[in-house]
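Data first, discussion second: the structure below is written as structure tokens.
The values are calculated or read from the model by the stated rules, or taken from the named source; none is laboratory data. These numbers come from a predicted model, not from an experiment. Cβ placement follows ideal geometry from the backbone for every residue including glycine, while neighbour counts extend to all protein chains displayed. Only protein heavy atoms, including side chains, enter the accessible area calculation; ligands, DNA and RNA are left aside. Shrake-Rupley method; radii C 1.70, N 1.55, O 1.52, S 1.80 Å.
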Amino acid sequence: MFLGAPGAGKGTQAKRVAEAASVAHISTGDMLRQEVSAGTPLGLEAKTFMDAGKLVPDEVIIGMVRARIQQPDARSAWILDGFPRTLPQAEALDRNLSGSAALSHVIYFAVPESVLIGRLSGRRTCSKCGAIWHVEHQPTKTPGICDQCGGALVQRSDDRPEAIGKRLEVYRSQTSPLLAYYRDRRILREIDANRSPDVVYKELLKLMQ
Ligand code: AMP
């Protein structure tokens, strides 16, 4: 499981590691955004919370992850990205959520808060393939166009300044207690994620062995 504040680089790294290791990448944020763009009842309910930078209620998220983890591609191994984010979610995962697979590593992506704000406000996502870019740190060759697929880049609605502050506050109050929870279980590893994506990736592979 990849744990860290918004903008710490969990999504970028989870995509890459999951592809390299051929395991399921379970990102609750991505799943919710798909529900929002498909206009499902779950998406409509979630959107209000997401746009305000708040967490979607635990029971909604836990039900969604339970269904996802039962899919054939996720039966034996997965990387959880952005879940759990609260103690009740972590307890649900411990109890019965994960079926036959168990949580073996929790990797904490440590990044100073001042860096997170710059990363989030400059982040752009490809509307077609989901690739993540940054206007300064990882710009595309043509501004606004994805280098990988030619799709249009968009700014996530919750990466706007009003929502960023709230998300960081929610992280501090509701998600950071999970550090102690997993430290006590001796499965927490920390990575200095305030470095280039390639350096972080190489170290991640070592930590996950
Ligand atoms: P992310 O892409 O992981 O930053 O998630 C975007 C937004 O989706 C969050 O700010 C929350 O509103 C919602 N979300 C994603 N994962 C969870 C979760 N595990 N629990 C509650 N809300 C979540």
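Using alpha carbons only, how many angstrom separate the centre of region 1-46 from the centre of region 183-209?
Centre-to-centre distance over Cα atoms comes out at 19 Å.
In whole Hz, what ³J(HN,Hα) sequence does region 138-148 give by Karplus (6.51, -1.76, 1.60; θ = phi - 60°), x for Gly and Pro?
Those phi angles translate into 8, x, 7, 5, 9, x, x, 10, 5, 5, 7 Hz.
Can you give me the distance in nm between label points at residue 202 and residue 147, each placed 7 Å from the Cα along the Cα-to-Cβ direction?
With each label placed 7 Å out from Cα toward Cβ, I get 1.9 nm.
Whenever you get a sec, line up 30, 158 from highest to lowest accessible area (probe 1.4 Å, protein heavy atoms).
30, 158
Hey, what do the phi angles of region 70-82 turn into as Karplus ³J(HN,Hα) couplings, whole Hz, using 6.51/-1.76/1.60 and θ = phi - 60°, x for Gly and Pro?
Here the 3J(HN,Hα) series is 8, 5, x, 6, 10, 5, 9, 8, 7, 10, 8, 10, x Hz.
Taking 28 Å as the cut-off for C-alpha to C-alpha distance, list the pairs among 10/54; 15/47; 10/166; 141/206; 128/206 that go past it.
Details: 10/54 18 Å; 15/47 23 Å; 10/166 19 Å; 141/206 31 Å; 128/206 31 Å.
Pairs exceeding the cut-off: 141/206; 128/206.
Compare 56, 36 by solvent-accessible area with a 1.4 Å probe and give them largest first, with all protein chains kept in place.
Final ranking, largest accessible area leading: 36, 56.
Explain nothing, just the number: dipole magnitude of the chain about its Cα centre with +1 on each Lys and Arg Cβ and -1 on each Asp and Glu Cβ, in debye rounded to the nearest 20.
Charge dipole, the chain, about its Cα centre: 260 debye, nearest 20.
With all protein chains present, how much of the accessible area of region 93-209 (probe radius 1.4 Å) comes from carbon and sulfur, to the nearest whole percent?
51 percent
Roll a 1.4 Å probe over the protein heavy atoms and report the accessible area of residue 166 in Å², nearest 10.
So the heavy atoms of residue 166 present about 60 Å² to solvent.
Lone cysteines in the chain, going by a 4.7 Å Cβ-Cβ cut-off?
none
Take the Cβ-Cβ distance between residue 67 and residue 95 as r, set R0 to 22 Å, and report the resulting FRET efficiency rounded to the nearest 0.05.
Step by step, r from the Cβ atoms, then E = 0.85.
Which value in deg cm²/dmol, rounded to the nearest 500, describes the helix-derived mean residue ellipticity at 222 nm for the chain, given -39,500 (n - 2.57) per DSSP H run of n ≥ 4 and division by the residue count? Don't skip to the end; give the middle numbers.
Details: 9 runs with 91 residues, N = 209.
That calculation yields -13000 deg cm²/dmol at 222 nm.
How much accessible surface does residue 187 have with a 1.4 Å probe, in Å² rounded to 10?
It works out to around 30 Å².
Taking a 1.4 Å probe, which of 73, 184 shows the most accessible area, and what order do the others take after it?
From most exposed to least exposed: 184, 73.
Please go through region 157-209 and write out the GluC sites (Glu not before Pro) that DSSP classes as loop and that have at most 16 other C-beta atoms within 10 Å.
none
So, for region 66-203, what is the accessible surface per residue at a probe of 1.4 Å, expressed in square angstrom?
Per-residue accessible area for region 66-203 comes out at 54 Å².
Quote the accessible area belonging to residue 142 in square angstrom, nearest 10, computed with a 1.4 Å probe and with ligands, DNA and RNA left uncounted.
Accessible area, nearest 10 Å²: 80 Å².
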